[in-house]
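Okay, so here's the structure we're looking at.
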């Protein structure tokens, strides 16, 4: 069985949740995904984390080593291929080793910035804390969505 590496951000940083979802997955390392930013997209009150290209941006990530059954479980959780698609990206681990790993990125069908639920946001925050990452990136992503909802969405309606 071939192992696969996965770049995780958002709720997939939550170690407790990932242990339940993918019991044979192992943390492979930490990295910074350069030239991307973390954002929340989706329906009001149920937006989810995704990443998008953003020159100069940085997103802290965990790289997981997955078994095939772990990837299948993540495909179901992420709603692949309807809500999230997969893309292979090269990332440099904090050890300096470069690896190619798969990452889930929200499809264009859910393009609008929006606010996540309180429980989802709490799960993401717990994940960033348990991974030892600065939670400011979550606050920045949340603020981007909040500004969009406050300034743009009412004008559309």
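The values are calculated or read from the model by the stated rules, or taken from the named source; none is laboratory data. Computed from a predicted model, the values in this text were never measured in an experiment. For neighbour counting, all protein chains shown are included, and Cβ atoms are generated from backbone atoms with ideal geometry for every residue, glycine included.
The residue of region 30-56 that is surrounded by the most Cβ atoms within 10 Å (Cβ to Cβ), among those that are at pLDDT 95 or above and at positive phi, is 35.
Within the group 44, 11, which residue is in contact with a strand residue (DSSP E or B) (Cβ under 8 Å, 6 or more places away or on another chain) and either in contact (Cβ under 8 Å) with a residue 12 or more places away in the chain or closer than 21 Å to residue 125 by Cα (or both)? Steps first, please.
Working: 44 fails: in contact with a strand residue (DSSP E or B) (Cβ under 8 Å, 6 or more places away or on another chain).
None of the others qualify; the one that does is 11.
Across region 136-155, not a single residue is classified as outside any helix (DSSP H, G or I), closer than 25 Å to residue 32 by Cβ and out of contact with any helix residue (DSSP H, G or I) (no Cβ under 6 Å at 6 or more places or on another chain). The strands (runs of 3 or more DSSP E) found wholly in region 31-134 and carrying at least 3 residues that are within 30 Å of residue 151 (Cβ to Cβ) and touching a helix residue (DSSP H, G or I) at 6+ places or on another chain (Cβ under 9 Å) occupy 46-66. Could you tell me whether residue 24 is touching a helix residue (DSSP H, G or I) at 6+ places or on another chain (Cβ under 8 Å), part of a loop (DSSP other than H, G, I, E, B), touching a residue at least 24 places away in the same chain (Cβ under 8 Å) and farther than 24 Å from residue 142 by Cβ? Criteria met by residue 24. For region 71-123, filtered to residues that are in contact with a strand residue (DSSP E or B) (Cβ under 7 Å, 6 or more places away or on another chain) and without any contact (Cβ under 8 Å) to a residue 12 or more places away in the chain, the residue that is farthest from residue 21 (Cα to Cα) is 98.
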